[in-house]
1. So which residues in region A:163-173 are more than 12 Å from chain B (Cβ to nearest Cβ) and buried (at least 23 other Cβ atoms within 10 Å of the Cβ)?
2. Which of the numbered conditions does B:HIS155 fail, given that it passes all the others? Conditions: (1) at pLDDT below 80; (2) touching a Gly at 6+ places or on another chain (Cβ under 8 Å); (3) more than 14 Å from every other protein chain (Cβ to nearest Cβ).
3. Among A:ALA188, A:ALA215, which is the only one that is at negative phi, among the small types (Gly, Ala, Ser) and either crowded, with 19+ Cβ neighbours inside 10 Å or more than 14 Å from chain B (Cβ to nearest Cβ) (or both)?
4. Which of the residues that make up region B:512-534 are touching a helix residue (DSSP H, G or I) at 6+ places or on another chain (Cβ under 6 Å), part of a helix (DSSP H, G or I) and of a type in the set (A, V, I, L, M)?
5. Being facing chain A (nearest Cβ under 10 Å) and over 26 Å from the mean Cα position of the chain (by Cα) is the filter; apply it to region B:59-88 and report the residue that is nearest to B:VAL21 (Cα to Cα).
6. Of all residues in region A:174-184 being of a type in the set (A, V, I, L, M) and surrounded by 21 or more Cβ atoms within 10 Å (Cβ to Cβ), which is farthest from the chain's Cα centre (by Cα)?
7. Give me the residue from region B:110-129 that is in a helix (DSSP H, G or I) and not aliphatic (A, V, I, L, M) and, out of that set, farthest from the chain's Cα centre (by Cα).
Amino acid sequence: MSGAEQTMRLVLRSTSGKVGVALVIFHIVLAIVSPWVVPYDFNAQSEVLEHMGPSLAHWGGLDTLGRDVFTRTLLGGREALLVTIFGTAIAMVWGSLFGMFSGFKGGRTDEFMMRAVDTFLAIPFMILLLLVIASFGNSVIVLMLTLGFLYGIGVIRLARAATLGEVTKDYVLAAQARGESVWVILLAEILPNIRDALMVEAAMRWSWMLLAFSALSFLGFGVTPPTPDWGLMIANARIYMPLAPWPVLLPMIALSSLIIGINLMADALAKSLGLDRVQRMPL
Amino acid sequence: MSLPLLKIDGLSIGYEGADGVAVPIVNQVDLQLEEGSTLGLVGESGCGKSTLLLALMGYYDSGLARLAGKVALLGKDPGALNEADLQLFRGGDVALIPQNAGQALTPTLKIEAQMLEALRLHTPLPAASRQDRILQLFDRVQLPDPANLLGRYPHELSGGQQQRVALAMALAGNPKVLLLDEPTTGLDVTTQQAVLALLSEIALESQTAMVFVSHDIGVIGAVCERVAVMYAGEIVELGACNQILQHPRHPYTQALLSSIPKLGQAWAFKAPTSIQQGQDRRLSGCAYAPRCEYVGPTCLKQKPRLTRDQDREVKCVQLSEIARMVAPAGGHKGESKMVGQEYVLSVNNLSVSYDHTGWWPFASRQERKLTVREVSFDIVRGQTLGLVGESGSGKSSILRTLIGLQKSFEGEALLLDKFDLTTPVAHRSKACLSKIQMVFQNPDASLNPRQSIFAALARPLRIYFRLSEPEIRAEVERLMAAVQLPMEYSARYPGQLSGGERQRVAIARALASKPDVLLCDEITSALDVSVQASIIQLLKDLKDAQGLTLLFVSHDLPVVMALADDVAILQRGQICESGRVEQIFNAPEHPYTQSLIKAVL
């Protein structure tokens, strides 16, 4: 049994793990197949029936412009998932590499890199995000790279800390004594040993990035209308909430169920890998 | 004192095997302990001694459960207590001193905070008088300068001090029973002796009962009145400590005692093949039968019972047989062959220092501290030099320098008269790298836990030689055979091997590059005695078969004596005495060497 398979089995052993994985898979599958299963065109307007409540024909009701809320909710996670999945991958790769290198090298290199990381972390991400989008536009590629870059900074810290725990171990010393190159030591010796912590971190980063992406859309800097997006939908329908709550409700449920799913999954993952384990020995 | 303090009746602890049959780790153990008495549990790793000890605290490793039997400790069954009572019970009436005190102390809390916590949980003392009590406890465990210690973190204490702090913490609740799980295993001989003396004193003075688990029967002998020898989860011999140490009756006890190298005695290791075999707990007959040299037909059929035999209880049906054929311990250290007088490794005036290089280049100069001072030695091909010294004497610094991982040092070191060992590892040629290899102290740490044995052995082959995949496979097979491991093991991960097997893999990895010199850094200190004996035997074989030159670093004098041809004694970074092994051990001249030899149990 491979390590990944065993981990998966452990995650699925707990109820929260099952629910989390089910929610995440549901959303990913939905994002892939939704263009073929939605009942209406997401842009089609029903001219007279804006703000109509849920009915048999329109399960989620209609929004301000008379568009089907259910259809738009099904489609609204596509861009968010695309950007955040690749964004997380980018963040994990560059963050881990830099973090491991920093922790392994130590000394002044490490000191310098850590101060640089501190500097970046001191600036609110949202402001940096808005700055980049203002200068380079909000295309999917720009969003992926920017989110990937910003969220990788936190990964540097984690990967460095995990690496520090490993570099003093004799197997790293043995590899150095053998004359292995730095990158072989990092990737073949250390990475497999800090993989668990990185996996959990990836899941957490993903959920944070989703929130950030939705916040961007909410502020009007993420997805360009009329493309359906949860953040955007919430922002647009928010002012009519006392009058017509349904255009806000469905995207809210969709977004929070995905984020809860990811968090449950990350939690179960951390538990199954023993990363949250408390000292159980008597003393 | 009518009721015994501890009474164990037919206790079995185990897990459910893959086929649904219960596999006992501890099997049918009966034990009693009276107030104020001391009992040792001895056996090699995996015999169930720690499991038994932890069960006394009501703690079972995950997957383990009590299968049968009763435990009554102070009239209570720790397995039946609820969480809250258990918490009071642990640390209150019963205290555990774990194997590695350094890891048992919380690294991020100062000693003071941890001591206060222990007192708060386990004594009714008011907060104001806790401070005095700590000083009292520290005085009791003979920790000097307590006021200074309190403000430090655990890593700022030495191993002996950490062990004393753990002891003080355990004594905080005035326990009636102390459970000790290999408390001195990681300590060097002089520290170990001091801690043991302290433990015996505490046992005598305060009438605290002790259950002392160790693989080292010598350690048990120094502290305990009675000893129970365990094998495969069963007690095979139980009786007064000095009786059993002097006249072991059970064949396993005999083998265990004979596998400890002793000073002043030529070391002969008996039955090297039997040692590697695992302990099979499912045999219908005697568990020790597969390894026993006195095995008879009844042994295989019927499980022996613990029966009274004169002054002790022994679990063996062949006792009278054994008494008749007492084998005289023989054998002598083979003369090492001289293969010409070629210096394979010459070290000249080597000094190692630890510089505190910070951001400021000027401030660091004064902080220079020499850990090794002008050390020189030469090793002839095929010979073994033993480098002996306590922890902190600079042994490991010398090895680190030779392997090229030390940054600041002065002096000369030449390998095979052509390779300069003062170049750091990153700038060494492959030829040079392959000629000198190192085996580390602890195989748990020196093997990557996420790398299969095959991958670990293939790495050096890929670095040093251009080999095709089938050639690598053949080479790995050769290496596994050289260290006497079956090839099937190559698919396993280090966690699936025992400590001794892991160290064999580490040795195999070092041999992969076909080195001329092998540096061994305390490679047996993390292993228990019988495994240690088999590793020493392996190194001897390899030395003879391949003409290896060894630099063997250890704090364990008997081990060095069993293996080395020459020996150099290090004290505070300087060689204070060196010469042939026999000469040094029979007539030590330097007072430090004399004290080292005396300190050995």
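1. A:THR163
2. Unmet for B:HIS155, out of (1) at pLDDT below 80; (2) touching a Gly at 6+ places or on another chain (Cβ under 8 Å); (3) more than 14 Å from every other protein chain (Cβ to nearest Cβ): (3).
3. Result: A:ALA215 is the single residue among A:ALA188, A:ALA215 that is at negative phi, among the small types (Gly, Ala, Ser) and either crowded, with 19+ Cβ neighbours inside 10 Å or more than 14 Å from chain B (Cβ to nearest Cβ) (or both).
4. B:VAL531
5. B:PRO78
6. Applying the filter and picking the extreme gives A:ALA177.
7. Among them, the one singled out is B:SER129.
Okay, residues lined up against (1) of a type outside the set (S, T, N, Q); (2) closer than 28 Å to B:ARG312 by Cα:
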{"residue": "B:ALA168", "(1), (2)": "yes, no"}
{"residue": "B:ALA172", "(1), (2)": "yes, no"}
{"residue": "B:LEU187", "(1), (2)": "yes, no"}
{"residue": "B:VAL195", "(1), (2)": "yes, no"}
{"residue": "B:SER206", "(1), (2)": "no, yes"}
{"residue": "B:ALA222", "(1), (2)": "yes, yes"}
{"residue": "B:VAL227", "(1), (2)": "yes, yes"}
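The values are calculated or read from the model by the stated rules, or taken from the named source; none is laboratory data. Computed from a prediction, not measured in an experiment: that's the story for all the values here. For neighbour counting, all protein chains shown are included, and Cβ atoms are generated from backbone atoms with ideal geometry for every residue, glycine included.
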